[in-house]
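Enquirer: Provided herewith is a single structure, encoded as structure tokens, for subsequent inquiry.
The values are calculated or read from the model by the stated rules, or taken from the named source; none is laboratory data. Model, not experiment: these values are computed from the prediction. As a convention, Cβ positions derive from the backbone with ideal geometry for all residues, glycine included, and neighbour counts pool all protein chains shown. Surface accessibility is based on the protein's heavy atoms, side chains included, excluding ligands, DNA and RNA. Shrake-Rupley method; radii C 1.70, N 1.55, O 1.52, S 1.80 Å.
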Amino acid sequence: MTRTGLGHDSLMALIDHTSAVIYMRDADGRYLLVNREYERLFGLRRENIVGLTDHDLFPPDVAEVFRENDRQALAGGVPIQLEEYAPSDDGTRTYLTVKFPLIDESGYAYAVAGISTDITERSRAEAALRDSEERFRLLADHAQDIIFRYRLDPAPAMEYLSRAIESITGYPALDFYADPRLILTLIEPDDLPDFEKSWQAPRTGTLTFRLRRHDGAVVWIEQRVSPVTDDTGAVIAVEGILRDVTERMDAERERAELEQQLRQAERLDSLGQLAGGIAHDFNNILAVISGYADMLVDELGDDHPNRPDAAGIKQAAARGTGLTRQLLLFSRSEPSRSELLDLNAVTSDMLRLLGRTLGEDIELGADLAPGLPPVMMDRSKLEQVVMNAVLNSRAAMPTGGRLTIGTTLEHGGDGQTQVCLAVTDTGCGMTPAVMARAFEPFFTTKGRGSGTGLGLATAYGVVTDAGGAISLESEPGQGTVLRVRLPAAAAQPLAATAATPPAAQASGDGRRILVVEDEEAVRDIVRRLLSKAGYQVFAAPHPAEALRMCHEDALEFDVLLSDVIMPGMSGTQLAAELRRDRPDLPVLFMSGYTSGPAPGGQELPTDAPLIRKPFEKQTLLTELHRLVTERL
């Protein structure tokens, strides 16, 4: 039986004015009815569609899908909902279709009706959203930073974590999902309050904090967080990025340390220049004192009761010379002068000085092995090493203790003999971490302003330059032993004593000497010493006057004795000017402050010896006598 009276005018008007595609097909798949939207989409009139099947209108694969969906609705006897795809001028379109069977009184499903709503744009949007989410997930998973979302309300929970969480913290993401408070337990206690505050009232911004990894290492994390609010404005979650900035923080800290070291070095350089200047002036004073003391000793004679007093003045001047030489060594204005040293003698001399300076709460002792071979080293630098070690030991015993300086002889497995100096204290000792850095420049355990961190570093350089080795032995609470091992040197006779001419041989014999010295007191004592020794002395207060005397007064002289550093022109420049006319002019320099190029950029001539202020009278006369006998 054919049923065609299924449409009512009002019903057709309703379905013609809807935006959905409505149609009806019989059990064989032939169209019985379509609405205007169907006509519009496919460009056919309904009278041309009725009686056709989907195979007449669509590609076979599409038609077969439609037909199979119809059979499913007819067989099930209930409405079904599904997505169907149909070709169009702008590509394939997606429809959300509801199909339901039409059943007669006998229960026979004689037709299927369909209502299809175009959801192409929504499907495309959903697909785009899925693609975007997938790309975001891939981007987040491959990002080196941690991307997270943490729910605060109603119950705290980690809602999202990128894969970087494991590489940065050492914990897998599952641990943070399982325990929402895990992130808080990893943050260093000192940084935790600021971190919690940044989540309790989050504002867009950055926070840097320390986090302890699963392996115990501490890393620096930079957080950028934003709040997530509900409709009332209450913060219900936070989301943001956590970045590992450990390398940057280490670099900034290293840069800060280097800047501090640079400022420290600049201060030390300024102090060195000041020390050099002070030593130069002080050496001039000591030269005067030593010169007058020499004259007094000669005048008083061996049996005079005041001769020991004059000798005491000379001895005090000599001690002052040692102090200024230490200043010059510190300011790098004094070249190193290695000599054969008796380590026991140097130690004994220092013990007398240290006994008065360490304080009554320090028990100072010595354990010196007899018969040690000499070592070859600059005495002032060796004294500097010992002094640095002793001062460190004193600082390690703030409430008192015992300090022992000992010497021993050691024989190495390679047959080399070493002389060992040990400074032992009963102080607080060092941890392995401190010992590992003890010889680093600028490293110090003392408070700000209490140490430069250069003591042991300088000692290390001094000892290694002398071919030796320096080491530390220490434990917390067990004191410290600093050991210096120096190669033993073969003892040599002092040839200088035999080569020193007696006073009679050092007589000036009327030789003419031009003395150029800007310090009046030094100039006067040198003039008196030389005059008394038989020299004819001409004195000039500065190089310009010396040149005037030579050019205008036609001064003739045999030897030039000149200070090195003077205002206007250096002694080396003066000597070079005078040697233009007299290339073989004997020259003797004297100075309390010189190393390398003198002012004016000239080196000391190789054939012009240098005596350092303050000098002994005999040293001055001996050098002049040697010049006179060799060059004239």
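Enquirer: Identify the residue in the stretch 345-357 that is among the hydrophobic types (A, V, I, L, M, F, W, C) and surrounded by fewer than 18 Cβ atoms within 10 Å (Cβ to Cβ) and, among all such residues, is farthest from Ala466 (Cα to Cα).
Expert: Out of the qualifying residues, it is Leu353.
Enquirer: Okay, next question. Out of the residues in the stretch 402-412 that are modelled with pLDDT of 85 or more and of a type outside the set (Lys, Arg), which is surrounded by the fewest Cβ atoms within 10 Å (Cβ to Cβ)?
Expert: Looking only at the stretch 402-412, we keep the residues that are modelled with pLDDT of 85 or more, and these are 402-410.
With the extra rule that they be of a type outside the set (Lys, Arg), the set shrinks to 403-410.
Details: Leu403: 23, Thr404: 16, Ile405: 22, Gly406: 17, Thr407: 20, Thr408: 16, Leu409: 15, Glu410: 13.
Per the stated criteria, the residue is Glu410.
Enquirer: Where residues in the stretch 269-317 are farther than 17 Å from Thr619 by Cα and open to solvent by less than 20 Å² (accessible area, probe 1.4 Å), which of them is modelled with the highest pLDDT?
Expert: So the residue we want is Ala310.
Enquirer: Here is a further query. Return the only residue of Phe439, Phe443 being closer than 24 Å to Val346 by Cβ, at pLDDT below 85 and part of a loop (DSSP other than H, G, I, E, B).
Expert: Phe439
Enquirer: Do we have any residue at all in the stretch 109-116 that's surrounded by fewer than 16 Cβ atoms within 10 Å (Cβ to Cβ) and of a type outside the set (Gly, Ala, Ser)? Explain how you work it out, then say what you get.
Expert: Let us first name the residues in the stretch 109-116 that are surrounded by fewer than 16 Cβ atoms within 10 Å (Cβ to Cβ), namely none.
The answer is no; no qualifying residue exists.
Rundown of residues vs (1) among the aliphatic types (A, V, I, L, M); (2) touching a Ser or Thr at 6+ places or on another chain (Cβ under 6 Å); (3) at pLDDT 90 or above; (4) part of a helix (DSSP H, G or I), yes/no style:
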site	(1), (2), (3), (4)
Leu530	yes, no, yes, yes
Leu561	yes, no, yes, no
Arg580	no, no, yes, no
Gly596	no, no, no, no
Gly600	no, yes, no, no
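Enquirer: Under the condition of being surrounded by 14 or more Cβ atoms within 10 Å (Cβ to Cβ) and among the charged types (D, E, K, R), which residue from the stretch 225-244 is farthest from the chain's Cα centre (by Cα)?
Expert: Glu239
Enquirer: Say we look at the stretch 69-93 and pick out the residues that are part of a helix (DSSP H, G or I) and farther than 13 Å from Arg25 by Cα; which of these is least open to solvent (accessible area, probe 1.4 Å)?
Expert: Residues of the stretch 69-93 part of a helix (DSSP H, G or I): 69-76.
Of the ones still in play, those that are also farther than 13 Å from Arg25 by Cα are 72, 75-76.
On the way: Gln72: 99, Ala75: 89, Gly76: 50 Å².
Out of the qualifying residues, it is Gly76.
Enquirer: While we're here: Can you find a residue that is in contact with a Pro (Cβ under 7 Å, 6 or more places away or on another chain) and not β-branched (Val, Ile, Thr) anywhere in the stretch 66-73?
Expert: yes
Enquirer: Any chance you could count how many residues in the stretch 197-251 are touching a residue at least 12 places away in the same chain (Cβ under 8 Å) and either assigned to a strand (DSSP E or B) or touching a helix residue (DSSP H, G or I) at 6+ places or on another chain (Cβ under 8 Å) (or both)?
Expert: Total meeting the criteria: 31.
Enquirer: So if I check each of Glu39, Glu47, Glu64, which one is surrounded by fewer than 13 Cβ atoms within 10 Å (Cβ to Cβ) and either under 18 Å from Leu96 (Cα atoms) or of a type outside the set (Gly, Ala, Ser) (or both)? Show your work before the answer.
Expert: Numbers: Glu39 fails: surrounded by fewer than 13 Cβ atoms within 10 Å (Cβ to Cβ); Glu64 fails: surrounded by fewer than 13 Cβ atoms within 10 Å (Cβ to Cβ).
Every option except Glu47 fails the conditions.
Enquirer: Condition test on Leu382, is it within 35 Å of the chain's Cα centre (by Cα) and open to solvent by less than 30 Å² (accessible area, probe 1.4 Å)?
Expert: Numbers: within 35 Å of the chain's Cα centre (by Cα): yes; open to solvent by less than 30 Å² (accessible area, probe 1.4 Å): yes.
It is true that Leu382 is within 35 Å of the chain's Cα centre (by Cα) and open to solvent by less than 30 Å² (accessible area, probe 1.4 Å).
Enquirer: Here is a further query. Inspect all residues belonging to the stretch 371-379 and state whether any of them is open to solvent by less than 60 Å² (accessible area, probe 1.4 Å), in a loop (DSSP other than H, G, I, E, B), within 20 Å of Ala489 (Cβ to Cβ) and modelled with pLDDT under 85.
Expert: Among the residues of the stretch 371-379, at least one is open to solvent by less than 60 Å² (accessible area, probe 1.4 Å), in a loop (DSSP other than H, G, I, E, B), within 20 Å of Ala489 (Cβ to Cβ) and modelled with pLDDT under 85, which makes the answer yes.
Enquirer: Which of (1) open to solvent by 80 Å² or more (accessible area, probe 1.4 Å); (2) within 29 Å of Pro370 (Cα to Cα); (3) assigned to a loop (DSSP other than H, G, I, E, B); (4) not aromatic (Phe, Trp, Tyr) is the odd one out, the single condition Thr399 does not satisfy?
Expert: Failed condition: (2).
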